[in-house]
Amino acid sequence: MDDESPTVPERFAVAVLMERRRGVTPWQAHAWVPVGLIAGAVAEGAVGVPLAMPADGDVLRELWRGLDVRLHRDEVESYYHNLVSPTPLAFVIMREGAADHRVPAIVTLCFDEANAYVEGDDQVESVPMPPELVQWLEHFVVDNYVPERRTRRERKAWTDPKTP
C-alpha cells in the first residue's frame, strides 16, 4: 500500500481587492489601496485587467485577478514567523499601472521578500491572509521547516598573540 502524502503545490492563484480612498494630502485627491485577498479558482482571470466591483456610495473597488503566490523552500523560516504572528499577512507589491493609480504586481507571504521590495523603494501594502492561504502555508511549513539548532559560542581568551 502506497502511503505517500500528496505534495503541497508551490503556487496558489490569488486576486487583490483594491479600494479607492480619499487622499491624505492636498496633492493627492485619492489613493488606491489593497483591502483584501481572494484565493482559489475565483482568482483566475486575465492579468492586468481589473474587474470593476459594485460601488458602495463614493467607495470604488476593483478586483485584480490573475496573480499568484509562489512558495520557495529557502524562505520557509520567514513563512513560519508569518504564521506564528498574531495576524498572518500577505504582502502586495504595487507598481505604476496604465491607469491613474498603482496596481498590484506581486503577492508574497514572505516577510523577508516584502522587506526587500520596501528597501528597493517599491510600495508594499499588507492585507490579512485568507484562511485558504493560511492552511496551504501551514502544510508547506510543516513539510519543509527544520528549525536551526542554536548553539552557544565559546568565548576565546582575550590575550595578545604577541605576548608569551
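Quick note: the coordinates plus some simple rules give every number you see, no bench work behind them. Since this is a predicted model, take the numbers as computed values, not measurements. Here Cβ is always computed from backbone atoms with ideal geometry, including for glycine, and neighbour counts include all displayed protein chains.
Within the listed set Ala15, Ala31, Ala105, the residue fluctuating most in the Gaussian network model of the chain (springs between alpha-carbon atoms under 10 angstrom) is Ala31. For Thr87 and Val35, the FRET efficiency from 1/(1 + (r/R0)^6), where r spans their Cβ atoms and R0 equals 25 Å, is about 0.95. Please find, in a Gaussian network model of the chain (springs between Cα atoms separated by less than 10 Å), the residue of Gly40, Gly97, Gly57 whose mean-square fluctuation is greatest. So, out of Gly40, Gly97, Gly57, the one fluctuating most is Gly57. For the chain, modelled as a GNM whose springs connect Cα atoms under 10 angstrom apart, the maximal fluctuation among Val59, Val24, Val84 occurs at Val24. To test your reading of the geometry: what angle, between 0 and 90 degrees and rounded to tens, separates the Cα axis of helix 131-144 from the longest principal axis of the chain? Relative to the chain, helix 131-144 is tipped by roughly 20 degrees. Relative to one another, the C-alpha centroids of region 32-91 and region 101-119 are positioned 11 Å apart. From the square roots a ≥ b ≥ c of the eigenvalues of the alpha-carbon gyration tensor of region 11-144, which class results: rounded (a/c under 1.5), prolate (a/b over b/c), or oblate? The shape class here is prolate.
Across the chain, the longest piece that holds none of the trypsin sites (Lys or Arg not before Pro) lying in DSSP loops with up to 14 other C-beta atoms within 10 Å covers 1-148.
Computed over region 1-118, relative contact order equals 23 percent, with contacts defined as Cα pairs under 8 Å that lie 6+ residues apart.
In a reduced charge model with +1 at each Lys and Arg Cβ and -1 at each Asp and Glu Cβ, the chain shows a dipole moment near 700 debye about its Cα centre. A DSSP coil position with no more than 14 other Cβ atoms inside 10 Å describes the following chymotrypsin sites (Phe, Trp or Tyr not before Pro) in region 92-150: Tyr145.
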